[in-house]
Amino acid sequence: MNLGDNLRMAAGALRGARLRTGLMLLAMSIGVASVVLLTALGEGARRYVVNEFASLGTHLLIMLPGRNETTGGAPPLLGATPRDLTLDDALAMLRSQAILRVAPLTIGNAPVSHGGLSREVSVLGSTPELFPIRHLDIAQGDPLPAGDPTRGAAVAVLGSTLKQELFGHRHALGEWVRINDRRFRVIGILADSGESLGQDLGDMVIIPVASAQALFNTPGLFRVLIQARSLASIPAAQRAAREIIRARHDGEDDVTIITQDALLSTFDKILRALTFTVGGIAAISLVVAGILIMNVMLVSVSQRTAEIGLMKAVGAANRQILRLFLVESLLLAGAGAGTGLLLAAAGTAALRAAFPDFPLAAPTWAPLAAVTVALLAGLVFGLAPARRAARMDPVRALTGR
Amino acid sequence: MIELQAVERRFQVGDEIVHGLRGVSLSIADGDYLSIMGPSGSGKSTLLNILGLLDRPDAGHYRLEGTETTTQDEEARAGLRQHHIGFVFQAFHLIPRLTAAQNIALPMTLAGVAPAQRERRVAEVLQAMGLSDRARHTPNQLSGGQRQRVAIGRAIVMQPQVLLADEPTGNLDQHSGGEVIKVLEQLNDQGITLIVVTHDPAIGARARRRIRMLDGAIESDQ
Ligand SMILES: Nc1ncnc2c1ncn2[C@@H]1O[C@H](COP(=O)(O)OP(=O)(O)O)[C@@H](O)[C@H]1O
Ligand SMILES: [Mg+2]
């Protein structure tokens, strides 16, 4: 018997039991669709987090004052508060070959006003290096001026939201704003780049680091952002940064250094594992669908006993009967899987429409794996009914004994 | 040529052994026309099933066209059924979701005969059975006599040497039963070996060779 006839025959038998076939298709397609959709959600979450971290900057190391140690030892007796990270500490980093850029960072909150309008926003004190490190784009004007970072000019770069709130559609470049009680000239406006890890980049102002230190009267830095020369030089940059701090802090490297890539790869690993897990859990429903196929096929075999006997009487060998029923299970599983893929496509489209910002996308392996598992379930669970049909005694089958 | 030699068939029913056939020996020449009669439970169907290779003797020999069949494996026996034997049953055993033409084509479909050749042969058979205008009808759209003619068509579509009919008129009225017997006898006239199990003495008497069975054995052979 050729495959085309085999398929036609199996399809005919399935069409003959519409309700049963429909329910089986439903079960299988829900299984396949849930594998694809759940992995799409997992993969979406992974991409979301990866994008967020990538938007922080590339090859980034973040240095913060104080050691964040959880290992061993009693706490220091004299409750030694960590030494401040100073601007000079930050600038000293550039001595390392592994380090490309450094941006010191001071952060505070202050009212920013112009004319009669005033807003309380985050004030970032930094250097021009901040812009390339954090991928901040300038929409109008210039970033912070280059030059000696220890001398603070009275200039400011406004976030787009802040500019809008204070100036509306009016020209802001060259105008003066007041931060606390100091006057700053607006030299640039940030491009609208949305949010980064929960911080609204539009609702802030960036001023030279020395100006911010004076404004908030803090000699210490909040963070030092360090950009390594390449992905490969991140470990070297981290070591160099510690060396430099140790040399400058009387032999104590009392800083914490977080590498963005380490964080990123950890999240990446966790979320990949999560995606696999939810995919695997959803795949259980495929196995359940397979068991349903087995039951339905067993019922079908016992209802078609006479038909099986007849096929044997007209010359079908046991192997052929086995194949016929296996093809039927596989067809059922395959059609269910196909329907499931359509269902998943519809579900994905609906979710995308509902949450356009979420990068929902099933990983390529998900539909392949779902269909493979569905077909395997059809094959494995189709085997028992097919064997029962193949082993039937034709005389008994024909007489219904 | 069919040769049975001391064929035994026993069935286990609970603790008891039921003798379906006891030492049946029989040879049937090609092209012969036999009727098998006898009371219910005398072993007529069991004999026919063994002749048709649907069942295996517990002892004895069965040679079909010179081939010893009792030692053959299941696949070889299926092959012999496919090419040498046609079956007609009292209950027709048509597949309800297939049309008359598809039911007739079934043995060829299972045998993997190419569709074009299949169609030609099925048209021929439909014509011979007087069913050309019923090709696309499903069994429940056909009368009993028509259904049995479809079943006969299916039995001969592979052009077997032997045609076995187990009470082919048992589910039919007198008139359609007569028609069915006429069709079977026509096939015998064309050379097929015809073996008919029947309860009807009038039908049984038409055969050239008449066998009576009793209690699993051949009682008379005329
Ligand atoms: N599969 C079977 N299991 C048990 N007993 C059977 C089976 N097939 C036939 N028999 C018994 O064998 C005997 C002959 O049966 P059968 O050939 O069907 O008779 P007939 O067709 O002449 O009415 C009967 O006693 C019947 O009960
Ligand atoms: Mg009988």
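For the segment B:62-75, counting C-beta atoms of other chains within 10 Å of every residue's C-beta and taking the mean gives 1. Based on Cα contacts under 8 Å between residues 6+ apart, chain A shows a relative contact order of 30 percent. So which lysines can A:K312 reach, going by Cα to Cα under 24 Å and dropping same-chain residues fewer than 8 places off? Qualifying lysines at Cα under 24 Å: B:K44.
Report the full-extension gain for the segment B:H83 to B:Q190: residue separation times 0.36 nm, less the Cα-Cα distance, to one decimal in nm.
36.8 nm
Rounded to the nearest Hz, the phi-derived 3J(HN,Hα) couplings of the stretch A:304-319 under the Karplus curve 6.51 cos²θ - 1.76 cosθ + 1.60 (θ = phi - 60°) are 9, 3, 4, 4, 5, x, 5, 4, 5, 4, 8, x, 6, 7, 3, 4, where x marks glycine and proline. With axes computed from alpha carbons, what is the tilt in degrees of helix A:18-54 against the longest principal axis of chain A, rounded to the nearest 10 within 0 to 90? That helix lies at roughly 20 degrees to the long axis. What's the FRET efficiency of A:A154 with A:D268 using the Cβ-Cβ distance as r and R₀ = 35 Å, to the nearest 0.05? Rounded to the nearest 0.05, the efficiency is 0.25. Against the main long axis of the alpha-carbon atoms of chain B, helix B:115-128 sits at an angle near 80°. Footprinting exposure proxy ranking of A:W365, A:W176, fewest other C-beta atoms within 10 angstrom first, gives A:W176, A:W365.
Per-peptide packing, taken as the mean over residues of other Cβ atoms within 10 Å, places B:4-14, B:140-150, A:307-317 in the sequence A:307-317, B:140-150, B:4-14 from highest down. Centre-to-centre separation between the Cα atoms of the stretch B:55-129 and those of the stretch A:1-29: 25 Å. Taking A:K269 as the anchor, which aspartates and glutamates have their alpha carbon closer than 15 Å to its alpha carbon, excluding any fewer than eight residues away along the same chain? A:K269 reaches A:E43, A:D261. Counting Cβ atoms of other protein chains within 10 Å of each residue's Cβ and taking the mean over peptide B:38-49 gives 1. Look at the stretch B:106-117: the mean tally of other chain Cβ atoms within 10 Å of its residues' Cβ atoms is 5.
Remark: spin-label model distance A:R18-B:L214 equals 5.7 nm, labels positioned 7 Å along the Cα→Cβ axis.
Test of understanding: ordering A:T256, B:T46, A:T266, A:T348 by Cβ neighbours within 10 Å, fewest first, what list do you get?
Final ranking by Cβ density, sparse to dense: A:T266, A:T256, A:T348, B:T46.
Listed by chain and number, the aspartates and glutamates placed with their C-alpha closer than 14 angstrom to that of A:K163 are A:E120, A:E175, A:D192, A:D200, A:D203; residues fewer than eight positions away on the same chain are left out.
Between A:D357 and A:I281, the C-beta separation translates, for a Förster distance of 22 Å, into a calculated FRET efficiency of about 0.25. Here B:S132 and A:T372 are evaluated by their C-beta separation; at R0 = 45 Å the FRET efficiency comes out at 0.40. Counting only DSSP beta bridges whose two residues both lie in the stretch B:2-221, roughly 55 percent are antiparallel.
For every helix of n ≥ 4 consecutive DSSP H residues, a contribution of -39,500 (n - 2.57) applies; sum these over the protein assembly as shown, divide by its total residues, and give [θ] at 222 nm rounded to the nearest 500 deg cm²/dmol.
Counting only the DSSP helices, I get -15500 deg cm²/dmol.
Fewest-first ordering of B:F87, A:F381 by other beta carbons within 10 Å of each residue's beta carbon gives A:F381, B:F87.
Given contacts defined as C-alpha pairs under 8 Å and at least six residues apart, what's the relative contact order of the stretch B:99-205, whole-number percent?
Working: 120 pairs, mean separation 28.6, N = 107.
Value for the stretch B:99-205: 27 percent.
In the stretch A:170-192, which residues have a backbone nitrogen under 20 Å from the label point lying 7 Å from A:E120's Cα in the Cα-to-Cβ direction? Answer for this model: A:178-182.
Sorted on the mean count of surrounding Cβ atoms within 10 Å across their residues, most packed first, peptides A:321-331, A:86-96 read A:321-331, A:86-96. Distance between the 7 Å Cα→Cβ label points at A:V299 and B:H175: 4.2 nm. Here the label points at A:D181 and B:T67, each 7 Å from Cα along the C-beta direction, are separated by 11.4 nm in the simple model.
No value in this document is a laboratory result; all are computed from the given coordinates. Quick caveat: nothing in here was measured; it's all calculated off a predicted structure. Cβ sites come from the backbone with ideal geometry, for glycine too, and all protein chains shown count toward neighbours.
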